[in-house]
1. Of all residues in segment 245-270, which are in a loop (DSSP other than H, G, I, E, B) and under 30 Å from Gly232 (Cβ atoms)?
2. Which helices (runs of 4 or more DSSP H) does segment 1-106 wholly contain that include 1 or more residues that are modelled with pLDDT of 95 or more?
3. Condition first: more than 24 Å from the chain's Cα centre (by Cα) and of a type in the set (Asp, Glu). Now tell me which residues in segment 169-191 satisfy that.
4. Is one or more of the residues making up segment 162-170 at negative phi and touching a Gly at 6+ places or on another chain (Cβ under 7 Å)?
5. Assuming Asp121 fulfils every condition listed in (1) modelled with pLDDT of 95 or more; (2) within 18 Å of the chain's Cα centre (by Cα); (3) over 23 Å from Trp48 (Cβ atoms) apart from one, which condition is it?
Amino acid sequence: MFYHDGGKLQYEVKVEKPNPLFAKALQQAIGGIQGEIRVCLQYLFQAWGARGPAKYRDMLLETGTEEMGHIEMLATAVALNLEGAPLEQDKAAEDPMVAAALGGMNIQHVITTTMAAMPVDASGVPFNCSHVYASGNVAADMMANAVAESTGRMLACQLYKMTDDPGMKDMLSFLVARDTMHQNQWLAAWEELGGRENHPIPNNFDQSIEPDEFNYSFLTFGKDDSVPQPTGRWSEGPSVDGKGTFSIERMTPRGEKPDLGKASPKASVQKAQESTAEKIIDKVTPS
């Protein structure tokens, strides 16, 4: 169950000088793959499917609900940046292709939403949940969440650099700070769950089944020795999980060239593709 308190914002949102082009950029923080709709749904779906210690479900619910508030803040910022935008007043900007789509602003803000935010990214692409990750494995989800917050913080930092509006800088600095906390939060949960000892994920699979020639070997695919192999922490020494030793190997084929045989005569193929056994197949009488 979710509650609201009558529309009060989590943090103050003010715009001193409206900027329709910045409103378009802010859409990325709402409906982009780094945006707040993504993390909101990611954390909530992880929570709704969580099994195991209840505290992880509760933490996810709290943070997913907070992200709803961030969407609300950003939607408010978009609307305030669209206040008094030229198309609102100027007879479709006296045309020339609606003044080149109003110097870069999203014309859908005018013709579709009456100067309000939309669940789309900065290019106008609707959010479609393709980047909502909820695996059911709490360690994997915590790592996915840390990555999501990292890219979200990158976006918020870039938006901060794009504006000179004091109100927008204040709001964005708040969002950057929350991204800092959330990155640390998810990594703290991952660490509490065992951290490196949790790896590889999932950790309930018997690793003795894995071919030990491959489970800690970095494979390279340069054609021959003239192509240098990228070496580093991943190519030698103890593995990160402490359960193996890294090595490096130039991969050579282990399998033969596949032969898929002829196509079924019942398929829509050319005659040259058909199996010569089709008549036998057709003559088989079911018992």
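The values are calculated or read from the model by the stated rules, or taken from the named source; none is laboratory data. Nothing here was measured: the structure is a model prediction, and the numbers come from that model. As a convention, Cβ positions derive from the backbone with ideal geometry for all residues, glycine included, and neighbour counts pool all protein chains shown.
1. Within segment 245-270, Met251, Thr252, Pro253, Arg254, Gly255 meet the criteria.
2. Counting at least 1 such residues, we get 20-31, 36-48, 54-81.
3. Within segment 169-191, just Asp170 meets the criteria.
4. No, segment 162-170 has no match at all.
5. (1)
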